[in-house]
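What follows is one structure encoded as structure tokens, with my remarks underneath.
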Amino acid sequence: MLRIHFTGQDLGRIRLARQPDALWETVLSLHQLVRPDPFFGPWCRRTRAALAAAGSGHEVQMLTALAPRTSYFPDFLTPVGGNGAETVLDAGIDMVLSTSRDRLRADIDRLAAGRPRPSAWLDEIASGRVPALRRLGTGLRRYYDVAVAPHTAVSAVRVHRDVQHRVRDLHAYGSESLLANLGPTSRWNPPVLEVDYSVERDLHLEGRGLTLIPSFFGHDHPITLALPELPPVLVYPVARDPLWIPETAAGGPGAAALEELLGATRAAVLRSLATSHSTATLAARLHVSTTAASRHTAALRAAGLVVTERRGASVRHSRTPLGAALVHEVHPSA
């Protein structure tokens, strides 16, 4: 059991993220790929076939060795963004690849504890070897593009619905009601939140507050980081139906309609933003000038289809739930 200990100060510092974290979704979907909850059975079969067709079998083996479902997986795979914010894919992968060697070694040693012989892949990551880290970054991106990105519209609709319900609960009844209604595997016994967990653990917030992050691919119980000194987060599964049968990825009959609605270039921009891109990267991918790419993203942003975030000297663009729903032909209120 996981016991999260709150102070009065912590109850006033609960943050509810509005969207999933890309790397948590990547890791947790890997867990569903290995041993799916019934809800993910059809997705699992289709995704395994898609990964095989993409020639990603070896990459999936490496990633599942690094992030097993049945035991601890390294905290550095799911870094916490600034102010405890959830990360988008490219920014998250950059943070993973920037992990210090000491941290890599400590996390991998913890993962390898009790294993008869850690794999060479894990040792290369633990040593911070550049080729191994590059393979990790490439593997995460390729896996996400095949397994997670085609379903972001569906997940966005479900997450939005879940978060809106919890926001109303928070505003109407306060943070304790929010904690009391996280799901059947969690119980609020003030001042402690108890979560059904595979290990016995106590997490003392000590005034740091807690970030709740919704997850579409999450386990049937909330999950957190292993190291208590990291910013406290709790990733919880959004409400699900008994079964999900994913539709074939968009790009077929609806492609022409999207181009007619937005124009060919803006439709291509919106499709390209399944993961976030800088203006320069987007321009290079679409073979247009950076000025043109900026103009198109501005128009899509004004329509509520794209969101833009500044990071240092550059900006990153990504689709909103509405933009994802439009690409994948899923009605936002479905």
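Assessment of region 208-224 against the conditions (surrounded by fewer than 20 Cβ atoms within 10 Å (Cβ to Cβ), in contact with a Pro (Cβ under 6 Å, 6 or more places away or on another chain), under 30 Å from E194 (Cβ atoms) and at pLDDT 80 or above) yields at least one matching residue. Per this entry, S177 is not counted among residues that are small (G, A, S) and either under 27 Å from P42 (Cα atoms) or not in a helix (DSSP H, G or I) (or both). Among the residues of region 30-55, the ones that are touching a helix residue (DSSP H, G or I) at 6+ places or on another chain (Cβ under 6 Å) and small (G, A, S) come to 2 in all. Could you please let me know if R135 is of a type in the set (D, E, K, R), surrounded by 15 or more Cβ atoms within 10 Å (Cβ to Cβ) and closer than 30 Å to A49 by Cα? Answer is yes for this residue.
In region 311-320, the qualifying residues are those that are on the phi < 0 side of the Ramachandran plot and at pLDDT below 85, and the one that is surrounded by the fewest Cβ atoms within 10 Å (Cβ to Cβ) is A313. Here region 286-322 is the region considered, the condition is being of a type in the set (A, V, I, L, M) and not in a helix (DSSP H, G or I), and the residue that is farthest from R271 (Cα to Cα) is A313. If the condition is being of a type in the set (G, A, S), closer than 20 Å to A149 by Cα and part of a loop (DSSP other than H, G, I, E, B), then region 202-238 contributes only G218. Listed conditions (1) touching a residue at least 24 places away in the same chain (Cβ under 8 Å); (2) assigned to a helix (DSSP H, G or I); (3) not assigned by TED's automatic domain parsing to the domain that holds V60 are all met by G139, apart from (3). For residues that are under 19 Å from L23 (Cβ atoms) and basic (K, R), tally how many sit in region 37-72. Final tally of qualifying residues: 1.
Reported count of residues in region 130-158, each being farther than 30 Å from I108 by Cα and at pLDDT 90 or above, is 0.
Of all residue pairs spaced 6 or more apart or on separate chains, those with beta-carbon atoms under 9 Å, a first member in region 273-298 that is under 23 Å from D94 (Cα atoms) and a second member that is of a type in the set (S, T, N, Q) and part of a loop (DSSP other than H, G, I, E, B) are A283/S289.
Residues in region 2-26 that are part of a loop (DSSP other than H, G, I, E, B) and buried (at least 23 other Cβ atoms within 10 Å of the Cβ): F6, P20, D21. Any chance region 183-204 includes a residue that's out of contact with any strand residue (DSSP E or B) (no Cβ under 9 Å at 6 or more places or on another chain), among the hydrophobic types (A, V, I, L, M, F, W, C) and at pLDDT below 95? So far as region 183-204 goes, no, none of its residues is out of contact with any strand residue (DSSP E or B) (no Cβ under 9 Å at 6 or more places or on another chain), among the hydrophobic types (A, V, I, L, M, F, W, C) and at pLDDT below 95.
The values are calculated or read from the model by the stated rules, or taken from the named source; none is laboratory data. Keep in mind it's a predicted model, so treat the numbers as computed, not measured. Don't worry about glycine lacking a Cβ; one is built from the backbone with ideal geometry, like all the others, and counts go over all protein chains shown.
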